[in-house]
Amino acid sequence: MQQQMVAPMLGKVIQVNFSVGDRVEEDDEAMVIEAMKMETPIFVPCDGVVGQINVKIGDNVEEDDVLAVIETE
Amino acid sequence: MIEEFSSLIYTTGFLYLTPGMIFMWLIGFILIYLAIAKAYEPLLLLPIGFGIIVANLPLAGLMAPDTGLLWKFYEYGIHWEIIPPLIFLGLGALTDFGPLLARPSLIFLGAGAQIGVYIAFFSAHLLLGFSLQEAATIGIIGGADGPTTIFLASKLAPHMLGTCAVAAYSYMALVPIIMPPVMKILTTEKERKILMPKARKVGRLEKTLFPLVGVLVIVLLVPASAPLMSMFMVGNLFRECKVVERLNLAAQNELLNIVTIFLGLPVGATMNAQNFLRKDVIFIFVLGLFAFIASTGTGIIVAKGMNLLSKTKINPLLGAAGVSAVPMAARVVHKMGQKADKKNYLLMYAMGPNVAGVIGTVTAAGIFLTMLK
Amino acid sequence: MGKALGIFVAGTAGVFIGMMLLYGAIQLTAVVVTRWFDKKVEK
């Protein structure tokens, strides 16, 4: 089962706190995006293992872009 | 020879210093300190602070009518209504109306915040005896819009221009401190957790038509707002039409930066000891703060009112973003929302009322001008 | 007192009326644009 982690708003990715293969828990701080000179954390949607990361630091993302995919058992 | 020497001494400014002037230098130094050390609106408060200092130097004549350098900046830049509208040209080019167009009902939050302006106006006139024109200028401080405050002051109460501008910019810098308590008192935890429904995507055609539609509507209704509103909208048109990128970028960058320089210096230069060292000034600062607080409050109250009338609830914190300190107020709203629920991302939604508030403040200023000129 | 109150009421009303008109204009534009795009897509 997979769960997508989407961008809740537009901004620029300035921090990525995990890598593919990491075990994560719901509400871990996964990434930080910056918009209007403000940093906003994005949280892991569910427990699982990071299957795929679609962005890197410096990327501009829009609302609903898939940032990462979490594999749940 | 002694005669030459002593007459030379008499040309120096030292002999003509007054305590008032030195006090004004102190004010200037404080503003410069706040700008540099605390990053309080440095783009404005730094030149304003400097303008204050040099305008309070005897014999320098920087504000001497017809001849003074800063007098000329003031006369031809501000009194002739050139600089504030040009600032709005730049601001329009910087502004994205997408979030407002995605959810147009937020426009009423921009209106709601202006009620605070009128409350402050009313209080200033009735409770503290300011004239209608002065009260209007003080009230518009609550609109959290520097150029509009300066524009209105230059037309209705030029002697208060510097003070009102300093108050406006100072409180804008203090928005993260002023607004949260008001927001906490007027909203419940549950209300702050309200998640906003997904915004619809707004197309390029709509965003291009908006400035045209907007300028027609507002300028027909309030012709006195024309200098500011028309420049704001043409700047926005430059941005959205995508075919004048050179003009758009110049408006957002070179133009805006240049006119900001020419705005700050003369504004500060109007603050000489006579204008500033009066008990009125304390009242202006107090009322200005009151105006900010009132506007935050009325914005939130209008939001709550809208919730009573509609099925889809909006997060009432968005009402506070009707105070047009862009984007600071939106940021503060976003942070408060995150505190209530860390998955609540209000920033882009808050930009809707934030930019609507700019239109609201210019409209309110235009109405004041129409009724009080 | 009278004049101040008058300005308060007229001003608040003015701002709200302005916003209502703008709101209407925005909605109208949105409808027109959607219709126009639909027409284009249909063709």
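What the table shows:
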{"read-out": "Matching option when the condition is at the interface with another protein chain (Cβ under 10 Å from one of its Cβ atoms), out of contact with any strand residue (DSSP E or B) (no Cβ under 7 Å at 6 or more places or on another chain) and farther than 15 Å from A:Met36 by Cβ, among B:Met328, B:Met351, B:Met371", "value": "B:Met371"}
{"read-out": "Enumerated strands (runs of 3 or more DSSP E) restricted to chain A, each holding at least 2 residues that are touching an Asp or Glu at 6+ places or on another chain (Cβ under 8 Å) and of a type outside the set (S, T, N, Q)", "value": "A:11-16, A:29-35, A:38-43, A:48-53"}
{"read-out": "Options B:Thr296, B:Thr187; residue that is within 20 Å of B:Gly352 (Cα to Cα), within 22 Å of the chain's Cα centre (by Cα), crowded, with 20+ Cβ neighbours inside 10 Å and among the polar types (S, T, N, Q)", "value": "B:Thr296"}
{"read-out": "Among the candidates B:Ala251, B:Ala226, residue that is buried (at least 18 other Cβ atoms within 10 Å of the Cβ) and touching a helix residue (DSSP H, G or I) at 6+ places or on another chain (Cβ under 7 Å)", "value": "B:Ala251"}
{"read-out": "Pair list, Cβ < 9 Å and 6+ apart or interchain, from the range B:1-30 residues that are within 30 Å of B:Ala165 (Cα to Cα) to residues that are of a type in the set (Lys, Arg) and exposed (fewer than 13 other Cβ atoms within 10 Å of the Cβ)", "value": "none"}
{"read-out": "Helices (runs of 4 or more DSSP H) within the range B:159-272 that include 3 or more residues over 18 Å from B:Thr95 (Cα atoms), within 14 Å of another protein chain (Cβ to nearest Cβ) and at pLDDT 95 or above", "value": "B:204-221"}
{"read-out": "Test: residue in the range B:196-218 that is within 21 Å of the chain's Cα centre (by Cα) and among the hydrophobic types (A, V, I, L, M, F, W, C)", "value": "yes"}
{"read-out": "Test for B:Ile83: is it under 15 Å from B:Ile293 (Cβ atoms) and more than 14 Å from every other protein chain (Cβ to nearest Cβ)", "value": "no"}
{"read-out": "Yes/no for B:Thr149 being farther than 18 Å from B:Met336 by Cβ, out of contact with any strand residue (DSSP E or B) (no Cβ under 8 Å at 6 or more places or on another chain), polar (S, T, N, Q) and away from every other protein chain (no Cβ under 13 Å)", "value": "yes"}
{"read-out": "First in the range C:3-14 and within 7 Å of another protein chain (Cβ to nearest Cβ) and surrounded by 20 or more Cβ atoms within 10 Å (Cβ to Cβ), second anywhere and of a type outside the set (Gly, Ala, Ser) and part of a helix (DSSP H, G or I), Cβ under 6 Å, 6 or more apart", "value": "C:Ile7/B:Met371; C:Gly11/B:Tyr118; C:Gly11/B:Ile367; C:Thr12/B:Ile115; C:Thr12/B:Tyr118; C:Gly14/B:Ile367"}
{"read-out": "Breaking point among (1) surrounded by fewer than 22 Cβ atoms within 10 Å (Cβ to Cβ); (2) more than 18 Å from B:Gly268 (Cα to Cα); (3) touching a helix residue (DSSP H, G or I) at 6+ places or on another chain (Cβ under 7 Å), for B:Gly90", "value": "(1)"}
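The values are calculated or read from the model by the stated rules, or taken from the named source; none is laboratory data. Just so it is clear, the model here is predicted, and its values are computed rather than measured. Ideal geometry is used to build each Cβ from the backbone, glycine not excepted, and the neighbour counts take in all protein chains shown.
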